[in-house]
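Remarks on the structure that follows.
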Amino acid sequence: MSRVHVAIIGGGLVGASLALALQDSARQRGWRIALIEPFAPGSDYQPSYDARSTALSYGSRLIYERLGLWQGIAQRAEPIQQIHVSDRGRFGATRLQAIEEGVPALGYVVENAWIGHCLWQALDADVVEWRCPAEVSAMQRLDYGYRLTLSDGASLECDLAILADGGRSALREQLGIGVNVKPYGQSALIANVSPLEAHRGQAFERFTDDGPMALLPLSDNRCALVWTRASADAERLLAISAASFLGELQQAFGYRLGALQQVGARHLYPLSLVEAQEQVRPHLVVLGNAAHSLHPIAGQGYNLSLRDTLALAEVLIGSEGPLGDFATLQRYQQRQQLDQQLTVGFSDQVTRLFSNAQPLLSAGRNLGLLGLDLLPPAKRWFARQAMGLGTRSL
């Protein structure tokens, strides 16, 4: 029976970021951290046209700067200099610009594989032990922590277990942690596309009666597309030819970037707002998508999880109680409660408002977009939400 102080179940971007945030203090205190992950991280980064990407807010850049990782991530991070928000077929539009907000970029679009590569390179094997490929098949509550049974039959005990195994966490269900689910009746179609014209760091949030779409700038003049449609229509768009798909996308998006010339592999994700009913128990924290999965159109999900991750690390490091102490974990949850409520609410309301074809709502959001351009305080608030700075100061 092996034993560690912290077991992070899920070695994706959230789990690896937590390991990095704890690493220096863990080294000083003699904590051992285990990262348990079913898919082996690649030691070499391989560029791919079809690589999935994440929009990091400016606030997330600040977090990765604190963790000493930003310099590496920045090598393949495409800055978002401007966000153009519009409502198809109506006059309402607003532009958020980095220069107006006094920041070098509103956010950055980075391939997930590159963020992962930078994280894995930064982890110290003397402090963070990879259990990979490995999965946790069962968790047993002990007085002083948890006993984890791995899929290969091995056992691991820990003082603190972090559940970071994604939005469809089987362990969350096994532990009897309920979830609140709001299905949107939509699916997100994700793909990379190449426009004829240079994107010049522009991101586009475009709202149509069929659902919102986002086109985000990527390196090599690619754009990351998130196209939300009713689930049946999204299935149809997944199945049609690349040429037909580009034609429909062009019609929905327009010619702001000229002709759309290439589309890569398309992926489909059914969309719901999912929130765990418990995020902390004695010796247990639910983190990342296992705690809250948001609609991707507002680009808030990973950035909220990263803020949770930093807050959890700071509370654990600053606590005088033993690892897994319930009062300490409750302090973490209380600290993040407002941020989570505001971010989840912002994401949910934007999604519902901009996915509705009712004439009154359409007119209201059109006036709302015009109002954002006319009222600097409202525009500033909207920009700070988009930058992940809604509850903090620069």
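Enter the accessible area per residue of region 191-234 (Å², integer; probe 1.4 Å; all protein chains in place).
29
For region 46-76, which trypsin sites (Lys or Arg not before Pro) are in a loop by DSSP, counting at most 14 other Cβ atoms within 10 Å?
Numbers: sites: Arg52, Arg61, Arg66, Arg76; in loops: Arg52.
Answer in residue order: Arg52.
So, in Å, what gap is there between the alpha-carbon centers of region 139-196 and region 304-318?
About 18 Å separates the Cα centre of region 139-196 from the one of region 304-318.
With a 1.4 Å probe and every protein chain kept in, tell me what percent of the accessible surface of region 111-221 is carbon plus sulfur.
The nonpolar share, carbon plus sulfur, comes to 46 percent.
Using a 1.4 Å probe, what is the accessible area per residue for region 1-138, in Å²?
Working: 5870 Å² over 138 residues.
That works out to 43 Å² per residue.
The values are calculated or read from the model by the stated rules, or taken from the named source; none is laboratory data. All figures in this text were calculated on a predicted structure; none of them were measured in a lab. Positions of Cβ are backbone-derived with ideal geometry, glycine not excepted, and every protein chain shown enters the neighbour counts. Please note that ligands, DNA and RNA were not included when accessible areas were found on the heavy atoms of the full protein model with its side chains. Shrake-Rupley method; radii C 1.70, N 1.55, O 1.52, S 1.80 Å.
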